[in-house]
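**Student:** First the structure, then my questions, so here it is.
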Amino acid sequence: GEIYNFRELKKQLTQKGHQFKSESDTEVLLKLYIEESTQCLQKLNGFFAFAIYDKEDQSLFLARDRMGIKPLLFSMDEDRFIFGSEMKAMMSYGLKNNLNYEALLTYLELNYIPHPQTIFRDVQKCPPGHYMIIKGGELTINSYYEISSNTKEGADYVQSCKQLVDILDTSVQRRLVADVPVGAFLSGGIDSSCIAALASRHVDQLHTFSIGFQDEPYFDETKYANEVASFLGTKHRVFSLTNYDLLKHLDDVVNYIDEPFADSSAIPVYILSQETRKDVTVALSGDGADEIFSGYNKHYALNRSINGGLRNGLISALLPLWKSLPNSRSGKIGNLIRQLERFAEGMKLSPQERYWLWASFNSKSEALKFLSSDSLSKIDHQQYGNQKDLFLKNLDSTSDLNDYLLADTKLVLPNDMLAKVDLMSMANSLEIRVPFLDHEVVDFAFQLPVDFKINGKLRKRIVRDAFKEMLPSSLYRRPKKGFEVPLVKWFRKELKGELDNQLFNQSLIESQGIFDWASVSGLRNQIHSSSPGDSHAKIWALYVFQRWWKNNMS
């Protein structure tokens with residue numbers, strides 16, 4: 001990781017009599033710990049996972065950054081304490097590879113495994129914003145950071161826009177300090193454009209990088225990225241990919257992950273990181289803005305569920321109709337029907353269960369269907385419930401959208417979005433820095449009233465308005481688009497043979513004993529039908545698991 005404010009900390013420590021032998025932030029961190037013990041964490045601005053052994057105290061102190069940008073894994077038994085940033089490192093010490101069936105169930109719902117669990121029973125993740133002390137054979141885990149989420153009533157909108165620009169500009173400047181070349185990702189969306197606009201204030205001829213999709217014109221946003229780059233005067237490079245390019249890197253991505261992780265957008269992130277690393281060593285990205293300022297369809301739906309009135313009842317009443325119509329992510333009408341069905345399903349649930357459903361690719365009942373009777377017997381449902389409650393405990397009928405965004409910053413952000421970026425960038429020796437996730441920006445965001453973030457269908461309202469003068473107007477006349485890897489096409493064509501070997505293989509599935517063959521084989525029929533629905537996401541999760549199993553367990 002990196003401590004961005006190490007130079008100012010170094011000055012303070014020098015005034016207290018500390019002497020330094022190097023120009024590194026690591027030495028500053030060590031001296032700060034000597035001076036302030038665990039309280040040193042309150043002074044750090046950065047992203048990190050670190051461990052310090054204290055010979056005088058005979059203790060080991062480990063910490064993970066506030067937002068969970070960097071990973072920290074650990075395992076403890078009566079003989080030893082093992083820690084690392086990758087599962088591969090952990091397992092090289094001969095740990096038992098006992099499958100965690102509660103984590104497997106959660107993976108089948110979410111497509112990733114949230115902290116503190118991992119796919120193995122004996123390995124855990126330190127939660128973001130926590131530190132650990134090992135002393136006398138005892139382990140204690142403590143929180144040192146909680147997002148301050150007290151909304152400031154009566155805040156002035158215009159003033160808040162100015163504050164956001166100032167606070168984010170300071171964050172960007174911190175992340176530009178480096179003794180290696182620094183660039184920025186530029187997707188053509190609002191978030192990365194804001195970061196590039198601020199960075200280009202401080203860097204002449206900023207290098208910017210974007211990725212295009214030749215075979216998927218609907219998702220190709222390079223036109224907007226080019227317009228922003230031209231407007232800002234950056235030195236811009238576009239990597240234009242075909243579906244074959246994506247497919248070609250599939251093995252690299254799937255072989256690099258060390259626990260099941262089924263966010264398919266990891267593939268383009270891997271390629272973007274690989275290409276960017278040819279020009280720079282550090283890149284700024286716009287990650288985190290969606291979670292703290294409300295950028296997803298899910299956030300619009302959650303806000304509607306709180307404030308929607310009669311229309312909510314009408315959509316819910318028509319659930320049998322939505323279920324009867326063909327739905328698919330890959331077409332506009334089919335996707336709308338899919339969203340209406342999910343909205344209607346969610347409105348029948350409690351606020352906690354509604355959020356969990358809309359954060360998931362599968363409901364719990366759907367996920368359970370894919371497990372064999374042997375796997376089902378190994379699930380501790382109390383333990384599974386406790387894991388869910390870590391993220392849902394503050395949601396109830398009085399919750400507003402900020403409470404749901406807070407749940408996203410604890411669940412989705414560190415375990416999916418940041419895990420993906422860290423894995424894929426580290427695989428290519430590229431360091432990604434995320435200005436939106438400076439804790440000062442995050443704390444500011446959670447003090448803003450909900451209507452500063454979402455207004456009708458307009459999401460990330462304050463981000464869009466605050467940067468209007470710095471960005472081309474064309475950026476504001478376009479819909480938000482995520483990118484979908486063309487899984488349906490792959491599963492019907494290029495990967496059909498491999499799926500038949502790895503997943504739709506009755507003898508393999510039955511000898512493995514983890515999944516239910518009837519449910520798995522049903523997906524094969526669904527993906528080739530006129531209403532594939534979300535079957536591609538289910539198949540991808542199972543396929544990634546099987547590839548992981550083959551690499552790590554067989």
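**Student:** Using the structure shown, decide if LEU105 is over 30 Å from HIS439 (Cα atoms), open to solvent by less than 40 Å² (accessible area, probe 1.4 Å) and assigned to a loop (DSSP other than H, G, I, E, B).
**Tutor:** no
**Student:** Another question, if that's okay. From LYS223, LYS235, LYS248, which residue is within 29 Å of ARG459 (Cβ to Cβ), open to solvent by 50 Å² or more (accessible area, probe 1.4 Å) and without any contact (Cβ under 8 Å) to a residue 60 or more places away in the chain?
**Tutor:** Result of the check over LYS223, LYS235, LYS248: LYS223.
**Student:** Still on this structure: Looking at region 1-58 only, could you name the residues that are open to solvent by 30 Å² or more (accessible area, probe 1.4 Å), over 28 Å from LYS125 (Cβ atoms) and in contact with a Lys or Arg (Cβ under 6 Å, 6 or more places away or on another chain)?
**Tutor:** The one that is open to solvent by 30 Å² or more (accessible area, probe 1.4 Å), over 28 Å from LYS125 (Cβ atoms) and in contact with a Lys or Arg (Cβ under 6 Å, 6 or more places away or on another chain): HIS18.
**Student:** With respect to the numbered conditions (1) in contact (Cβ under 8 Å) with a residue 40 or more places away in the chain; (2) touching a Pro at 6+ places or on another chain (Cβ under 9 Å), which one is the sole condition not fulfilled by ILE134?
**Tutor:** Single failed check for ILE134: (2).
**Student:** Which of (1) without any contact (Cβ under 8 Å) to a residue 12 or more places away in the chain; (2) within 24 Å of LEU411 (Cβ to Cβ) is the odd one out, the single condition TYR53 does not satisfy?
**Tutor:** The failed condition is (2).
**Student:** Quick one: SER507 ticks every box in (1) in contact (Cβ under 8 Å) with a residue 24 or more places away in the chain; (2) assigned to a helix (DSSP H, G or I); (3) more than 24 Å from ASP245 (Cα to Cα) except a single one, so which number is it?
**Tutor:** (1)
**Student:** Next question, about the same structure. Which one of these does SER360 not meet: (1) in a helix (DSSP H, G or I); (2) open to solvent by less than 10 Å² (accessible area, probe 1.4 Å)?
**Tutor:** It is condition (1) that SER360 fails.
**Student:** I need the full set of residues from region 168-190 which are surrounded by 18 or more Cβ atoms within 10 Å (Cβ to Cβ) and of a type in the set (A, V, I, L, M, F, W, C), in order please.
**Tutor:** The answer is LEU168, VAL172, LEU176, VAL182, ALA184, PHE185, LEU186, ILE190.
**Student:** Kindly evaluate TYR93 against the criterion of being assigned to a loop (DSSP other than H, G, I, E, B) and aromatic (Phe, Trp, Tyr).
**Tutor:** When the stated conditions are applied, TYR93 passes them.
**Student:** Restricting attention to region 75-102, and to residues there that are free of Cβ contacts under 8 Å to residues at least 60 places away in the same chain and within 23 Å of TYR384 (Cα to Cα), which single residue is surrounded by the most Cβ atoms within 10 Å (Cβ to Cβ)?
**Tutor:** My answer is ASN100.
**Student:** Before we move on, is ILE69 farther than 17 Å from ALA262 by Cβ and in contact (Cβ under 8 Å) with a residue 40 or more places away in the chain?
**Tutor:** In short, yes.
**Student:** Please give the helices (runs of 4 or more DSSP H) falling wholly within region 259-307 in which 2 or more residues are open to solvent by 20 Å² or more (accessible area, probe 1.4 Å).
**Tutor:** The qualifying helices (runs of 4 or more DSSP H) are 266-276, 297-307.
**Student:** Here are SER230, SER240, SER193: which of them is part of a helix (DSSP H, G or I) and over 30 Å from HIS439 (Cβ atoms)?
**Tutor:** Among SER230, SER240, SER193, only SER230 is part of a helix (DSSP H, G or I) and over 30 Å from HIS439 (Cβ atoms).
**Student:** Specify which of the listed residues (SER375, SER473, SER397) is among the hydroxyl-bearing types (Ser, Thr, Tyr) and surrounded by 16 or more Cβ atoms within 10 Å (Cβ to Cβ).
**Tutor:** SER375
**Student:** Identify, from the list PHE239, PHE231, PHE261, PHE293, the residue that is aromatic (Phe, Trp, Tyr) and more than 30 Å from ARG201 (Cα to Cα).
**Tutor:** So the residue among PHE239, PHE231, PHE261, PHE293 that is aromatic (Phe, Trp, Tyr) and more than 30 Å from ARG201 (Cα to Cα) is PHE261.
**Student:** Now for a separate question. For region 431-460, name all the residues that are assigned to a helix (DSSP H, G or I) and either of a type in the set (Gly, Ala, Ser) or touching a residue at least 24 places away in the same chain (Cβ under 8 Å) (or both).
**Tutor:** PRO435, PHE436, LEU437, HIS439, GLU440, VAL441, VAL442, ASP443, PHE444, ALA445, VAL450, PHE452 - these are the residues of region 431-460 that are assigned to a helix (DSSP H, G or I) and either of a type in the set (Gly, Ala, Ser) or touching a residue at least 24 places away in the same chain (Cβ under 8 Å) (or both).
**Student:** Does at least one position in region 407-419 carry a residue that is part of a helix (DSSP H, G or I), open to solvent by 10 Å² or more (accessible area, probe 1.4 Å), at pLDDT below 95 and of a type outside the set (A, V, I, L, M)?
**Tutor:** no
**Student:** Buried (at least 19 other Cβ atoms within 10 Å of the Cβ), assigned to a helix (DSSP H, G or I) and within 28 Å of the chain's Cα centre (by Cα): which single residue out of VAL485, VAL463 fits that description?
**Tutor:** VAL463
**Student:** Give region 108-153 a look and list any residue that's part of a strand (DSSP E or B) and under 23 Å from ASN362 (Cα atoms), or say none.
**Tutor:** Matches in region 108-153: PHE120 only.
**Student:** Report yes if ILE211 is buried (at least 19 other Cβ atoms within 10 Å of the Cβ), of a type outside the set (Phe, Trp, Tyr), at pLDDT 90 or above and in a strand (DSSP E or B), otherwise no.
**Tutor:** Yes; evaluated as a whole, the condition is true for this residue.
**Student:** Yes or no: region 131-139 includes at least one residue that is open to solvent by less than 20 Å² (accessible area, probe 1.4 Å) and closer than 27 Å to ASP25 by Cβ.
**Tutor:** yes
**Student:** Between a residue in region 183-212 that is under 16 Å from TYR270 (Cα atoms) and any residue that is of a type in the set (Lys, Arg) and surrounded by fewer than 24 Cβ atoms within 10 Å (Cβ to Cβ), which pairs come within a Cβ distance under 6 Å, given they are 6 or more apart or on different chains?
**Tutor:** Pairs that qualify, where the first residue is under 16 Å from TYR270 (Cα atoms) and the partner is of a type in the set (Lys, Arg) and surrounded by fewer than 24 Cβ atoms within 10 Å (Cβ to Cβ), are PHE209/ARG237.
The values are calculated or read from the model by the stated rules, or taken from the named source; none is laboratory data. Computed from a predicted model, the values in this text were never measured in an experiment. Using ideal geometry, Cβ is built from the backbone for each residue, glycine included, and neighbour counts are taken over all protein chains shown. Ligands, DNA and RNA are excluded from the accessible area calculation, which covers all protein heavy atoms including side chains. Shrake-Rupley method; radii C 1.70, N 1.55, O 1.52, S 1.80 Å.
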